[in-house]
Every structure is written in C-alpha cells, then in structure tokens.
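So the structure is just underneath, and the comments pick up after that.
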Amino acid sequence: MKKEDLINFKKRLEKERDDLEKMMAEFHKNVEFTDVLSEDEVADIFESTQAEEVLEENIKKRISKINLALKKIEEGSYGICEKCGQPIEKERLEVDPTSFFCSKHLNML
Ligand SMILES: [Zn+2]
C-alpha cells in the first residue's frame, strides 16, 4: 500500500475514534441529571439508558477494532488479509477502514 493511502486511512480511523469517544462522553453527561426528575421521567430515562448501554457496547467494540487497525498501521501489517496474507482490496478499505480480510475470506468468520 502507498504511504499516502496509509496516512489517509490512519487519519480516518483516528477521526472516527475521536467522534465515538465524544459520543460516549455525552452519554455519561446525560445520566447525571436523573436526581432532579420525577419517577416517570426517571423510568423513561432508565429505558433510554438501557438502549444507550447497548449502543455504548457497540461503540466500545468499534473503538477496539479501530485501535487494532491503528496498531496494524504501526506494525506495517495494515491492509493485509489475516487469512491469506494477500493485500485487501483498497475499495473494501475505503468502505470500512477496519477490514481485516480480503473479499474472498470475509465470509469465513
Ligand atoms: Zn484473504
């Protein structure tokens, strides 16, 4: 992979991680207001908090995948299929920069 492509993917990954971390910080800000609300309101928030927890779980998974991709960039193994060691199609990385498999091995997980 060309060095400038690698730099572009790295920037994209870092930006996405920053955005996700900001999103997580927002969740925790909202929860602090629960002690000034009525029981009904708290129940509503409780429900939405549960939905947020699922979302938060997904965000955490996404962040660890991004961290793994960034680690691969540092180690020089980014963009290489974990299964066959061949370069991953650039188009696939454009769609999802945390792709770790080529299109042939994508569905083998
Ligand atoms: Zn492969």
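Here, each number is a calculation from the coordinates, and none is a lab measurement. All values reported here derive from a predicted model rather than from experimental measurement. No Cβ is skipped: glycine too gets one built from the backbone with ideal geometry, and neighbour counts run over all protein chains shown.
Please compute the modelled spin-label separation between residue 92 and residue 51, points set 7 Å along Cα→Cβ, answer in nm with one decimal.
Here the answer is 3.5 nm between the modelled labels.
Quick one: helix 39-75 against the long Cα principal axis of the chain, what's the angle to the nearest 10°, folded into 0 to 90?
The angle comes out near 20 degrees.
For residue 80, which sequence-distant residues (separation of 5 or more, or a different chain) have an amide H within less than 5 Å of its own amide H, given hydrogens modelled in the peptide plane?
Here 88 satisfy the definition.
Where in the chain is the longest stretch that carries no trypsin sites (Lys or Arg not before Pro) classed as loop by DSSP and with at most 14 other Cβ atoms within 10 Å?
On the way: sites that count: 2, 83, 104.
Result, exposed sites excluded: 3-82.
Would you list which lysines come within 26 Å of residue 11, measuring only between C-alpha atoms, while excluding same-chain residues fewer than 8 positions from it?
Within the straight-line cut-off, residue 11 pairs with 2, 3, 22, 60, 61, 65, 71, 72, 83, 90.
Do the sum for the chain: with -39,500 (n - 2.57) for every DSSP H run of n ≥ 4, divided by all residues, what is the mean residue ellipticity at 222 nm, to the nearest 500 deg cm²/dmol?
Working: 3 runs with 72 residues, N = 109.
After summing the helix terms and dividing by residue count, I get -23500 deg cm²/dmol.
Can you work out ³J(HN,Hα) from phi for every residue in region 3-18, in order, using Karplus 6.51 cos²θ - 1.76 cosθ + 1.60 and θ = phi - 60°, giving whole Hz and x for Gly and Pro?
Result, rounded to whole Hz: 4, 5, 5, 4, 5, 4, 5, 4, 4, 4, 5, 5, 5, 4, 5, 4.
Ratio of alpha-carbon Rg to the 2.2 N^0.38 Å globular estimate for the chain, to two decimals, please.
Computed over Cα atoms of the chain, the ratio equals 1.43.
Between residue 10 and residue 40, what length in nm is gained on full extension when 0.36 nm per residue of separation is reduced by their alpha carbon distance?
On the way: separation 30, 0.36 × 30 = 10.80 nm, distance 4.52 nm.
Additional length available on full extension: 6.3 nm.
Could you work out how much longer the chain between residue 29 and residue 75 gets when fully extended? Use 0.36 nm per residue separation minus the Cα distance between them, nm to one decimal.
Values: separation 46, 0.36 × 46 = 16.56 nm, distance 3.61 nm.
Result: 13.0 nm gained on full extension.
So if I place +1 on the C-beta of Lys and Arg and -1 on the C-beta of Asp and Glu, and nothing else carries charge, what would the dipole magnitude of the chain be about its Cα centre? I want it in debye, nearest 20. Before the final figure, lay out the partial values.
On the way: 19 positive and 26 negative charges, 275 e Å.
Result for the chain is approximately 1320 debye, rounded to the nearest 20.
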